[in-house]
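Engineer: Quick one: structure below, then a few questions.
The values are calculated or read from the model by the stated rules, or taken from the named source; none is laboratory data. Computed from a prediction, not measured in an experiment: that's the story for all the values here. As a convention, Cβ positions derive from the backbone with ideal geometry for all residues, glycine included, and neighbour counts pool all protein chains shown.
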Amino acid sequence: MIALTNVTKRYPGGHEAVKNATLSIERGEMVFLMGHSGAGKSTLLKLIAAIERPTSGKVVVNGQNLGSLRARAIPYLRRNLGLVFQDHKLLFDRSAFENVMLPLNIQGYDRRDAARRARAALDKVGLLGHEKALPVTLSCGEQQRLCIARAVVHRPAVLLADEPTGNLDAAYAAEIGELFRAFNQVGATVVIATHDVQLAERLAPRLIAIASGRVDTLAAAAA
Amino acid sequence: MRAWLLHHARAAGAALRKLGRSPLSTLFNIIVVAIALALPAGLYVALTNIQQAVRTLSPEPQLTVFVALEASKAEVSLIDTRLKEHPQVARLRYVPRERALEDMKRASGMGGIAEALERNPLPDAFVVDAADPAPDVMDRLRTEIAAWPKVAHVQLDAEWAQRLDAVLKVGRVALLLLATVLAFSLVAITFNTIRLQMLTQREEIEVTTLIGATDGFIRRPFLYYGAGLGLLGGLAACGFVWTATTVLNGALIDLSYLYGARWEVAQLSWRDSASLLAFAAALGWLGAWMSVARHLGRVRPR
Ligand SMILES: Nc1ncnc2c1ncn2[C@@H]1O[C@H](COP(=O)(O)OP(=O)(O)O)[C@@H](O)[C@H]1O
Ligand SMILES: [Mg+2]
């Protein structure tokens with residue numbers, strides 16, 4: 001499903017955030033990218049979502065080599081992905097419902113069908129009661145869950161989540177972990193960048209350790 | 001096809017909502033666009049009306065052929081025949097010199113002078129209606145006839161009308177220049193408005209790009225906004241011109257009572273109004289398109 005071969009990412013300014021990384025993630029897998037802050041986890045996710053381009057090496061997602069993908073094709077690649085951003089990236093002038101509708105509008109879903117799916121997604125993350133609320137009126141955990149609802153509403157084949165439990169207390173984190181587990185159980189490939197060891201213990205995914213931009217594959221068991 | 005229509009309907013709806021979200025700046029933009037459009041539209045209405053007036057005041061230009069004083073009756077009738085047989089001559093009226101003198105005597109103020117004359121100083125004359133009243137055709141005909149024997153002088157009547165026509169032609173060129181300049185300014189206005197909008201909607205553009213929006217999806221509401229701005233500005237411009245013409249007509253009614261005539265300034269026609277709206281919408285669309293093409297790469301990541 002996702003394969004990186006000898007990928008290096010050097011940011012303008014010369015810093016190498018990812019160094020010669022090779023890894024492969026199968027369809028339907030749940031994988032955690034674990035490492036300290038600044039290890040290069042976010043950069044790896046951005047490379048997979050074609051938000052950043054590798055300085056060298058090859059990235060293949062869903063059978064498509066991103067290096068040879070034309071700019072016009074990138075939106076269609078991203079429609080197979082669900083992205084949970086570290087900083088949520090919600091639209092603050094739109095209601096929770098409108099935020100979740102966004103991916104469906106972009107993909108041209110019929111309005112009624114889209115509304116049904118959006119409500120189902122909001123229900124799944126426990127925000128159905130906050131449909132009309134603006135994101136600013138939601139707590140941090142609720143915003144995080146809203147972001148997840150928006151990421152899964154169009155049933156993507158791959159879910160990429162960046163620090164989804166970053167600033168949540170344990171109870172919320174556990175809840176969100178269950179959401180990911182459920183999503184993985186219905187067949188989606190789930191890739192989570194995190195340093196939350198408790199979450200890793202709970203979900204028992206395959207772990208890929210990242211340290212200073214280098215990949216270090218460990219056993220599938222929790223550390 | 002359905003999805004495509006749906007996309008467009010949504011984009012149009014979003015654009016309308018944007019127009020409505022900041023009513024004051026929208027109103028201001030519409031007024032600026034309207035002024036840019038009302039100036040050439042108003043000038044156009046003025047030119048059309050002057051042209052119409054000129055046409056009613058001088059029906060058809062005519063040539064007056066003055067025969068030399070010393071010409072004999074035979075020579076005059078030769079000129080008469082040549083004129084009758086000329087293919088460019090549509091109608092011909094002979095004014096004998098005696099008649100001309102009578103006319104002059106009857107004309108107010110000239111009577112005394114005519115009485116005082118010992119002999120008739122006026123020549124025989126022919127008034128010619130040409131088959132084709134185009135100015136250059138008339139001019140050639142005049143030169144041709146003037147070269148005939150015993151023709152003293154050929155006068156092109158309604159010369160003032162032709163001169164005015166030439167002035168109007170200059171007016172039309174000026175209108176074209178003005179319209180071009182203001183069309184550019186309309187494009188510039190939408191270009192800049194869309195640029196500001198894109199800056200304020202930076203986040204929305206970024207987020208939608210990240211979750212799979214195509215350039216077309218992002219561009220569409222801005223295009224509709226630009227076209228909508230042009231359209232509303234065009235409507236307002238039509239309103240300005242209509243109001244100005246109506247006010248002018250109100251004033252003219254009083255004046256035309258004094259002269260016992262009915263004067264009226266013609267409104268911008270429906271067809272011209274429709275063209276103006278279409279033109280304005282197209283320019284707004286163009287300005288928006290150029291703005292998005294220029295700024296999309298800068299506003300969003302990647
Ligand atoms: N856009 C960027 N420009 C320059 N350097 C960056 C950029 N993004 C990240 N970095 C640097 O790359 C390194 C890895 O960052 P990141 O991938 O965000 O790590 P993580 O998500 O594991 O905390 C860090 O040292 C960070 O400062
Ligand atoms: Mg990070």
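Engineer: On the given criteria, is A:Arg53 touching a Ser or Thr at 6+ places or on another chain (Cβ under 8 Å), at pLDDT below 95 and within 14 Å of another protein chain (Cβ to nearest Cβ)? Show your work before the answer.
Structural biologist: Numbers: touching a Ser or Thr at 6+ places or on another chain (Cβ under 8 Å): no; at pLDDT below 95: yes; within 14 Å of another protein chain (Cβ to nearest Cβ): yes.
In short, no.
Engineer: Out of B:Leu92, B:Leu83, I need the residue that is within 25 Å of B:Val137 (Cα to Cα), modelled with pLDDT of 85 or more, assigned to a helix (DSSP H, G or I) and in the same structural domain as B:Arg140 (by TED's automatic domain parsing). Which one?
Structural biologist: Details: B:Leu92 fails: assigned to a helix (DSSP H, G or I).
Exactly one residue qualifies, and that residue is B:Leu83.
Engineer: Next question, about the same structure. Restricting to the range A:107-119, name every residue that is more than 10 Å from every other protein chain (Cβ to nearest Cβ) and either outside any helix (DSSP H, G or I) or touching a residue at least 24 places away in the same chain (Cβ under 8 Å) (or both).
Structural biologist: Matches in the range A:107-119: A:Arg117, A:Ala118.
Engineer: Then there's this: Considering only the range A:79-106, how many residues are at the interface with chain B (Cβ under 7 Å from one of its Cβ atoms) and either surrounded by 22 or more Cβ atoms within 10 Å (Cβ to Cβ) or part of a loop (DSSP other than H, G, I, E, B) (or both)? Walk me through it before giving the result.
Structural biologist: From the range A:79-106, those at the interface with chain B (Cβ under 7 Å from one of its Cβ atoms) are A:79, A:83, A:89, A:91, A:102-103, A:105-106; that's our starting set.
Those left that are additionally either surrounded by 22 or more Cβ atoms within 10 Å (Cβ to Cβ) or part of a loop (DSSP other than H, G, I, E, B) (or both): A:79, A:83, A:89, A:91, A:102-103.
So the answer is 6.
Engineer: Any idea which of A:Asn105, A:Asn6, A:Asn20 is more than 16 Å from ligand 2 (Cβ to nearest atom) and within 15 Å of B:Gly212 (Cβ to Cβ)?
Structural biologist: Values: A:Asn6 fails: within 15 Å of B:Gly212 (Cβ to Cβ); A:Asn20 fails: within 15 Å of B:Gly212 (Cβ to Cβ).
Just one listed residue meets the conditions, A:Asn105.
Engineer: May I pose another question? Given the structure, is A:Gly67 farther than 22 Å from A:Leu203 by Cα and loosely packed, with under 15 Cβ neighbours inside 10 Å?
Structural biologist: On the way: farther than 22 Å from A:Leu203 by Cα: yes; loosely packed, with under 15 Cβ neighbours inside 10 Å: yes.
Yes: the conditions hold for A:Gly67.
Engineer: Filter the range A:11-22 down to the residues that are exposed (fewer than 13 other Cβ atoms within 10 Å of the Cβ) and more than 6 Å from ligand 1 (Cβ to nearest atom), then identify the one that is farthest from the other protein chains (Cβ to nearest Cβ). It would help to see each step written out before you state the result.
Structural biologist: Applying the first criterion (exposed (fewer than 13 other Cβ atoms within 10 Å of the Cβ)) to the range A:11-22 yields A:11-15.
Add one more test, that the residue is more than 6 Å from ligand 1 (Cβ to nearest atom), and what stays is A:12, A:14.
On the way: A:Pro12: 13, A:Gly14: 20 Å.
Top of the filtered list is A:Gly14.
Engineer: Take A:Arg202 and tell me if it is on the phi < 0 side of the Ramachandran plot, in contact (Cβ under 8 Å) with a residue 60 or more places away in the chain and among the basic types (Lys, Arg). Steps first, answer last, please.
Structural biologist: On the way: on the phi < 0 side of the Ramachandran plot: yes; in contact (Cβ under 8 Å) with a residue 60 or more places away in the chain: no; among the basic types (Lys, Arg): yes.
When the stated conditions are applied, A:Arg202 does not pass them.
Engineer: Is it fair to say B:Leu277 is away from chain A (no Cβ under 14 Å), under 29 Å from the mean Cα position of the chain (by Cα), not β-branched (Val, Ile, Thr) and not in a helix (DSSP H, G or I)?
Structural biologist: Numbers: away from chain A (no Cβ under 14 Å): yes; under 29 Å from the mean Cα position of the chain (by Cα): yes; not β-branched (Val, Ile, Thr): yes; not in a helix (DSSP H, G or I): no.
Answer is no for this residue.
Engineer: Go through the range A:23-39 residue by residue and tally those that are under 19 Å from A:Gly57 (Cβ atoms), within 12 Å of ligand 1 (Cβ to nearest atom) and not hydrophobic (A, V, I, L, M, F, W, C). Step through it out loud before you land on a result.
Structural biologist: Initially, the range A:23-39 is screened for residues under 19 Å from A:Gly57 (Cβ atoms), giving A:23-25, A:31, A:33, A:35, A:39.
If we keep only those that are within 12 Å of ligand 1 (Cβ to nearest atom) too, we end up with A:33, A:35, A:39.
Now drop any that are not not hydrophobic (A, V, I, L, M, F, W, C), which leaves A:35.
Qualifying residue count for the region: 1.
Engineer: Return the total of residues in the range A:55-87 being within 16 Å of ligand 1 (Cβ to nearest atom) and touching a helix residue (DSSP H, G or I) at 6+ places or on another chain (Cβ under 6 Å).
Structural biologist: The total comes to 3.
Engineer: Give all pairs with beta carbons closer than 6 Å in which a residue from the range A:33-44 that is in a strand (DSSP E or B) meets a residue that is of a type in the set (D, E, K, R); count only pairs at least 6 apart in sequence or on separate chains.
Structural biologist: Final answer for the pair search is A:Leu33/A:Lys41.
Engineer: Now, a different point. With respect to the numbered conditions (1) surrounded by 13 or more Cβ atoms within 10 Å (Cβ to Cβ); (2) out of contact with any helix residue (DSSP H, G or I) (no Cβ under 8 Å at 6 or more places or on another chain), which one is the sole condition not fulfilled by B:Val128?
Structural biologist: With (1) surrounded by 13 or more Cβ atoms within 10 Å (Cβ to Cβ); (2) out of contact with any helix residue (DSSP H, G or I) (no Cβ under 8 Å at 6 or more places or on another chain) applied to B:Val128, the lone miss is (2).
Engineer: Further question: Does A:Leu44 satisfy the condition of being within 16 Å of ligand 1 (Cβ to nearest atom) and away from chain B (no Cβ under 14 Å)?
Structural biologist: yes
Engineer: Test of understanding: among A:Met34, A:Met30, which residue is at pLDDT 90 or above, more than 14 Å from every other protein chain (Cβ to nearest Cβ) and more than 16 Å from ligand 2 (Cβ to nearest atom)? Steps first, please.
Structural biologist: Working: A:Met34 fails: more than 16 Å from ligand 2 (Cβ to nearest atom).
Of A:Met34, A:Met30, the one residue that is at pLDDT 90 or above, more than 14 Å from every other protein chain (Cβ to nearest Cβ) and more than 16 Å from ligand 2 (Cβ to nearest atom) is A:Met30.
Engineer: Here is a list of conditions, (1) within 14 Å of chain A (Cβ to nearest Cβ); (2) surrounded by 12 or more Cβ atoms within 10 Å (Cβ to Cβ), and B:Trp4 meets all of them except one; can you say which number that is?
Structural biologist: (2)
Engineer: Residue check: is B:Ala11 within 40 Å of the chain's Cα centre (by Cα) and either outside the structural domain of B:Leu178 (by TED's automatic domain parsing) or farther than 30 Å from B:Asn120 by Cβ (or both)?
Structural biologist: Details: within 40 Å of the chain's Cα centre (by Cα): yes; either outside the structural domain of B:Leu178 (by TED's automatic domain parsing) or farther than 30 Å from B:Asn120 by Cβ (or both): yes.
Taking the combined requirement at face value, the residue satisfies it.
The rows are residues; the columns are (1) small (Gly, Ala, Ser); (2) surrounded by fewer than 18 Cβ atoms within 10 Å (Cβ to Cβ); (3) in contact with a helix residue (DSSP H, G or I) (Cβ under 9 Å, 6 or more places away or on another chain).
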| residue | (1), (2), (3) |
| --- | --- |
| B:His8 | no, yes, yes |
| B:Ala11 | yes, no, yes |
| B:Ala14 | yes, yes, yes |
| B:Phe28 | no, yes, no |
| B:Val32 | no, yes, yes |
| B:Leu37 | no, no, yes |
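Engineer: Out of all the residues in the range A:21-51, which are in contact with a Lys or Arg (Cβ under 8 Å, 6 or more places away or on another chain) and farther than 18 Å from A:Leu207 by Cα?
Structural biologist: Once the filter is applied, which keeps residues that are in contact with a Lys or Arg (Cβ under 8 Å, 6 or more places away or on another chain) and farther than 18 Å from A:Leu207 by Cα, the range A:21-51 yields A:Leu47, A:Ala49, A:Ala50, A:Ile51.
Engineer: If we only count helices (runs of 4 or more DSSP H) wholly inside the range B:130-216, which ones have 1 or more residues that are within 14 Å of chain A (Cβ to nearest Cβ)? Walk me through how you get there before you give the answer.
Structural biologist: Numbers: elements: B:135-146, B:159-200, B:202-210.
Those helices (runs of 4 or more DSSP H) span B:159-200, B:202-210.
Engineer: Next question. Quick one: how many residues across the range A:151-175 are closer than 18 Å to A:Ser42 by Cβ and either of a type in the set (A, V, I, L, M, F, W, C) or in contact with a Pro (Cβ under 7 Å, 6 or more places away or on another chain) (or both)?
Structural biologist: Filtering the range A:151-175 down to residues closer than 18 Å to A:Ser42 by Cβ leaves A:151, A:158-168.
Next cut, either of a type in the set (A, V, I, L, M, F, W, C) or in contact with a Pro (Cβ under 7 Å, 6 or more places away or on another chain) (or both) only: A:151, A:158-161, A:168.
So the answer is 6.
Engineer: Among B:Ile218, B:Ile189, B:Ile194, which is the only one that is over 20 Å from B:Ala281 (Cβ atoms) and either in the same structural domain as B:Leu16 (by TED's automatic domain parsing) or hydrophobic (A, V, I, L, M, F, W, C) (or both)? Let's see the steps before the verdict.
Structural biologist: Numbers: B:Ile189 fails: over 20 Å from B:Ala281 (Cβ atoms); B:Ile194 fails: over 20 Å from B:Ala281 (Cβ atoms).
Criteria check complete, one pass: B:Ile218.
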